[in-house]
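The values are calculated or read from the model by the stated rules, or taken from the named source; none is laboratory data. The structure displayed is predicted, hence computed values, not measured ones. No Cβ is skipped: glycine too gets one built from the backbone with ideal geometry, and neighbour counts run over all protein chains shown.
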Amino acid sequence: MTERVDISVIVPCYNAHRYLNVCLESLRAQKQPQIEMILIDDGSTDSTGAMLDAFALAEPRARVIHTPNGGVSAARNRGIALATGRYLAFMDADDALEEDGLFLLYQAAVHSGAQIVSANHTLFDMEKGCRVPVMTEPVVQQPLEIVREIIHMHRIYNNLWNKLYVRELFEGGLSLDEGVRIGEDALMNLQLYLRAKKVHHLSEATYVYRVHGQSAMATIKGHCQAHLPMLRAMDRILRNAGVKELFFRDYLQSSVWIFEKESGILASMKRFNGEIRPYVIGGIIESRIAKQDERLYALVKRGLFPAFYLLMRIREKLIGKKWGIRR
């Protein structure tokens with residue numbers, strides 16, 4: 001393609017032959033705006049590569065890149081480097097777009113002037129063969145508030161695949177962390193929303209997230225160990241941006257939640273001072289801590305947070321009122 005397209009859609013594909021047709025046909029159905037499909041065959045050992053080649057022969061908007069297997073982040077980075085569109089969009093090979101999904105995102109981006117447009121999505125249970133309603137969590141329209149939500153693993157803002165990004169946000173060599181296998185989407189979005197000045201959210205569903213037994217999140221073992229690289233990378237991003245103090249409370253809670261989900265409240269608090277605390281207070285400049293977080297920071301710094309947290313959780317059970325460290 002020689003002329004500039006509106007959207008470059010980047011699709012990493014690895015051994016996806018069972019699901020790929022639905023993804024590709026949903027891309028073919030996107031009539032507006034003008035798109036290019038960058039299909040990355042990430043060293044597949046099944047018929048994925050051949051399926052992509054056959055699709056590209058009949059679809060002039062598609063081009064296929066065959067690479068040795070390097071993981072989804074490496075494949076996406078390759079796609080970002082090759083993209084020529086004014087905007088970038090991402091898909092997973094086992095998912096699908098709603099019929100006018102890209103048009104709705106593009107229209108919202110042009111009309112609002114937003115650098116990132118997000119949208120709701122539909123969950124499709126492939127084993128049951130039915131659509132499952134996704135309870136929409138509260139959404140916000142301010143980039144720094146969205147950063148807060150990303151740290152808390154928000155279902156809408158953590159994913160790359162239900163959004164449209166203006167190309168300029170990726171300038172300066174911004175790329176996905178190829179050493180992180182769980183949470184890499186969230187880390188990229190963390191950086192993109194820290195760069196964005198204006199964002200927008202659509203209430204319409206533009207994407208179909210198809211769940212099956214081989215989905216990446218369905219095959220996670222060792223929840224805490226799997227998420228630790230993401231926590232470390234998130235720490236680096238917040239430090240480098242000079243905003244870790246602003247999100248101290250949020251990073252603390254997210255770290256606690258990851259450990260607690262794997263080993264329970266009591267065990268996670270036994271591990272807190274040795275394993276969690278160093279990440280939470282590392283790189284913090286005390287004078288930048290918000291006034292409302294000073295007491296909480298002091299408890300963490302002095303090693304008293306586990307006792308405080310356990311007492312608050314007991315109080316929560318006794319009075320029936322949920323307590324959390326989020327504002």
Checklist entry - Among the candidates Val110, Val180, which residue alone is out of contact with any Asp or Glu (no Cβ under 8 Å at 6 or more places or on another chain), under 19 Å from Leu97 (Cβ atoms) and not acidic (Asp, Glu)? => result Val110
Next on the checklist: If I filter the range 301-308 for residues that are part of a helix (DSSP H, G or I), touching a Pro at 6+ places or on another chain (Cβ under 8 Å) and modelled with pLDDT of 95 or more, do I get at least one hit?
Outcome noted: no
Checklist entry - Which numbered condition trips up Thr84, out of (1) in contact with a Lys or Arg (Cβ under 7 Å, 6 or more places away or on another chain); (2) without any contact (Cβ under 8 Å) to a residue 60 or more places away in the chain? => result (2)
Checklist entry - Taking only pairs six or more apart or across chains, which ones have beta-carbon atoms under 7 Å, a first residue in the range 268-297 that is under 14 Å from Trp257 (Cβ atoms), and a second residue that is among the hydroxyl-bearing types (Ser, Thr, Tyr)? => result Met269/Tyr309; Ile276/Ser255; Tyr279/Ser255; Val280/Tyr251; Val280/Ser255
Checklist entry - Considering the range 23-50 alone, what residues qualify as being over 21 Å from Leu164 (Cβ atoms), surrounded by 14 or more Cβ atoms within 10 Å (Cβ to Cβ) and not small (Gly, Ala, Ser)? => result Asp41, Asp42, Thr48
Checklist entry - Any idea how many residues of the range 141-168 are more than 15 Å from the chain's Cα centre (by Cα) and touching a residue at least 60 places away in the same chain (Cβ under 8 Å)? => result 4
Checklist outcome for this item: Exactly one of Ala186, Ala205, Ala119, Ala196 is under 26 Å from Ala226 (Cα atoms), surrounded by 15 or more Cβ atoms within 10 Å (Cβ to Cβ) and of a type in the set (A, V, I, L, M), and that residue is Ala186
Checklist entry - Can you list the helices (runs of 4 or more DSSP H) found entirely within the range 13-89 that contain at least 2 residues being more than 24 Å from Ala186 (Cα to Cα) and either touching a strand residue (DSSP E or B) at 6+ places or on another chain (Cβ under 8 Å) or among the hydroxyl-bearing types (Ser, Thr, Tyr) (or both)? => result 20-28, 48-58
Checklist outcome for this item: Pairing a residue in the range 48-71 that is over 20 Å from Ser8 (Cβ atoms) with any residue that is of a type in the set (Val, Ile, Thr), where Cβ atoms lie under 9 Å and the two sit 6 or more apart in sequence or on different chains, gives Gly49/Val64; Asn69/Thr45
Item to check | Scope the range 227-265; condition of a type in the set (A, V, I, L, M), surrounded by fewer than 17 Cβ atoms within 10 Å (Cβ to Cβ) and modelled with pLDDT under 95; matching residues | outcome: Ile265
Checklist entry - Looking at Phe124, Phe103, Phe90, which is the one that is aromatic (Phe, Trp, Tyr), over 18 Å from Val5 (Cβ atoms) and touching a residue at least 24 places away in the same chain (Cβ under 8 Å)? => result Phe124
Checklist entry - Looking only at the range 6-46, which residues are of a type in the set (S, T, N, Q) and at pLDDT 95 or above? => result Ser8, Asn15, Asn21, Ser26, Gln30, Gln34, Ser44, Thr45
Next on the checklist: Looking only at helices (runs of 4 or more DSSP H) that lie completely in the range 234-293, which have at least 1 residues being under 17 Å from Gly183 (Cα atoms) and in contact with a strand residue (DSSP E or B) (Cβ under 8 Å, 6 or more places away or on another chain)?
Outcome noted: none
Checklist entry - Hey, does the range 116-136 have a residue that's at pLDDT 95 or above and over 22 Å from Val211 (Cβ atoms)? => result yes
